[in-house]
Structure formats: structure tokens, C-alpha cells
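Below: one structure, written as C-alpha cells.
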Amino acid sequence: MELALLVVLVAVSFAGGAVVTSVGPGGIFVVAALYGLTALPAAVVAGTSSVTFIGGSVLGAAGYVYSDDMDWGMALLIGIGGAVGTQLGVLLNGVVSRRSFGVLLGVLLGTVGATILLRERGSLDRLPTEALDVTPTSSAGVVVFGTVGLLVGAAGGLFGIGGAALVPPALVLVGVSMITALAVTQVAVVFIASASAVSYTLQGSVAVPLVFAITAGYLLGALGGWRVAKRVDPNRLTTVLGVLLIGLMPVLVYRSLVL
């Protein structure tokens with residue numbers, strides 16, 4: 001791999017790590033870069049990305065535990081459900097072509113970006129968790145958070161995204177505060193990314209030399225992102241993030257269909 005390309009991938013990983021602990025959907029940029037800038041098979045893209053996200057999420061979780069923002073009941077429900085759902089995603093990755101993988105990834109980026117913008121504009125109503133009794137100790141909460149974990153885990157296994165792009169929007173929509181959603185996401189990603197990484201490693205679908213470099217960049221970014229989340233209004237960052245994700249959608253879809 002050319003040095004210039006490696007530097008770009010590490011830089012993207014650093015930015016993704018910073019975003020994932022400060023806003024949420026950051027790891028998805030690593031997946032997009034590995035797919036769009038390299039010729040790696042879809043399974044290797046997903047496997048390499050999954051390994052990358054583990055360390056950053058552990059750091060992010062530690063930061064939120066330190067700041068006393070973690071809801072362990074919610075985090076474990078989503079994490080366990082995600083680890084189970086990951087296995088379905090890994091199986092789907094094995095039957096999806098690289099072209100289809102890129103198109104689906106592009107659509108996912110655009111959907112997440114649109115959801116972020118709609119949420120920031122207030123177009124998506126937030127459901128009160130108290131009225132629905134959606135708490136980690138209630139039966140409704142077990143179903144809701146477990147289902148979120150299963151669905152996000154399936155996407156995480158398929159794309160290698162870890163889940164940070166999907167968990168925060170889902171939790172905010174049911175009334176969970178943004179800071180708690182970000183904290184819970186870190187633990188959920190540890191479960192999802194670890195389960196996915198084990199599956200892809202057993203398949204031999206991890207780019208071992210590359211994963212060390214991008215993981216280092218991601219870890220440094222994740223550490224800085226937690227500090228940003230505690231000092232900067234995340235609403236200012238999410239709007240830019242949403243626009244960027246929507247802008248990446250046609251690029252990935254075009255590359256997948258034409259190149």
C-alpha cells in the first residue's frame with residue numbers, strides 16, 4: 001500500500017475516532033474510506049473496521065464511566081443483543097457482492113445523515129421513555145433495547161460499522177438524553193465490534209498490517225473526542241456531520257456501480 005494512501009486512512013481513522021465519542025456516527029467514515037479508497041473485499045473491509053473500533057470504544061466507555069454518564073442496564077441490553085445480531089450480519093456479508101456492499105453502505109450513510117438533520121431540526125419527535133415505561137428494568141425496556149441491539153448488531157456484522165452510527169439516533173428518538181446515548185453506545189460497540197472481529201478473524205478477513213495503523217489513529221481520535229463532547233455543544237457538530245454523510249452517499253453508490 002502506498003504511503004500517501006496509508007496516511008489518508010490513518011487521518012480518516014483519527015477523525016472517525018474523534019467523532020464517535022463526541023457525536024456518535026464516526027466509525028462509518030473508516031468503513032467508507034476502506035471501501036472507497038482500496039480494493040479490499042467486503043469481508044476484509046468489515047473485519048478490519050471491526051477490529052479497529054474495539055479499543056476506541058473501550059476508551060470512550062471508560063471516559064463516560066469516569067464522568068458518571070453511563071447507564072449500564074441499557075448498555076448491556078443493547079450490547080448483548082448486538083453481539084447476537086452480529087452473527088446474522090456476518091452471514092449476510094458472505095453472500096453480498098462487493099458492488100452491492102458499496103451501494104448498501106452508501107444508502108446507510110445517507111439514511112443516517114438524513115436522520116441526524118431531521119432530529120436536529122425537530123422534525124422527528126422524541127418519545128417520552130417515562131410514558132412508555134422504557135427503562136432497562138422494565139419488560140418494555142428489555143424488548144426495545146434488546147431489539148435495537150439485534151438490529152444494530154446485524155448492520156454492524158454486515159458492514160463492520162460497530163453501531164455508533166445507529167445507536168444514538170435510535171436512543172434519542174425514545175427519549176434518552178444525547179450524553180447517555182453516547183455513553184451507552186461505547187459499551188454497545190465493544191460488544192458488537194468484538195463479536196464481529198472474532199468472526200472475521202476466524203475467516204482470515206482482517207488486513208493485519210493495516211489494522212494496526214488505523215487503530216492507532218482511531219484510538220487517539222477517540223480520546224480527544226470524549227473531551228470535545230464534554231466541552232462543545234454537540235448540536236453544532238451534528239449538522240455538519242449529517243450533511244457530510246448525505247454527501248458521501250452518491251459518491252459511494254457511483255463508485256460501486258460504475259468503477
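Read-outs: derived from the displayed coordinates by stated rules, not from any lab. Since we're looking at a predicted model, the values are computed, not measured. With ideal geometry, Cβ positions are generated from the backbone for all residues, glycine too; neighbour counts draw on all protein chains shown.
Structural remarks
- Given their separation in residues at 0.36 nm each and the Cα-Cα distance between them, Ala4 and Trp72 gain 20.3 nm when the chain is fully extended.
- Dipole magnitude of the chain, debye to nearest 20 (Cβ charges: Lys/Arg +1, Asp/Glu -1, about Cα centre): 540
- Here each label is just a point 7 Å from Cα along the line to Cβ, and for Thr239 and Val251 those points are 2.2 nm apart.
- Within a Gaussian network of the chain (alpha carbon springs, distance under 10 Å), most fluctuating of Leu173, Leu245, Leu77: Leu173
- Mean-square fluctuations from a GNM of the chain, with a 10 angstrom spring cutoff on Cα atoms, peak among Ala193, Ala32, Ala46 at Ala32.
- Between helix 72-95 and the chain: long-axis angle, C-alpha atoms, 0 to 90°, nearest 10: 30
- The chain, relative contact order [Cα under 8 Å, separation at least 6], %: 41
- If you run the Gaussian network model on the chain, springs between alpha carbon atoms under 10 Å, then out of Ser139, Ser49, Ser57 the most flexible one is Ser139.
- Compared with the dominant principal axis of the Cα atoms in the chain, helix 27-37 is inclined by about 20°.
- Label corresponding to Cα extents along the principal axes in Å when calculated from the structure given, among [x] 49, 49, 37; [y] 99, 40, 34; [z] 52, 35, 33: [z]
- Maximal additional length on extending the Thr111-Val258 stretch stands at 50.8 nm, based on 0.36 nm per residue less the C-alpha distance.
- Linear extension gain, Leu92 paired with Arg121, 0.36 nm per residue minus alpha-carbon span: 7.0 nm
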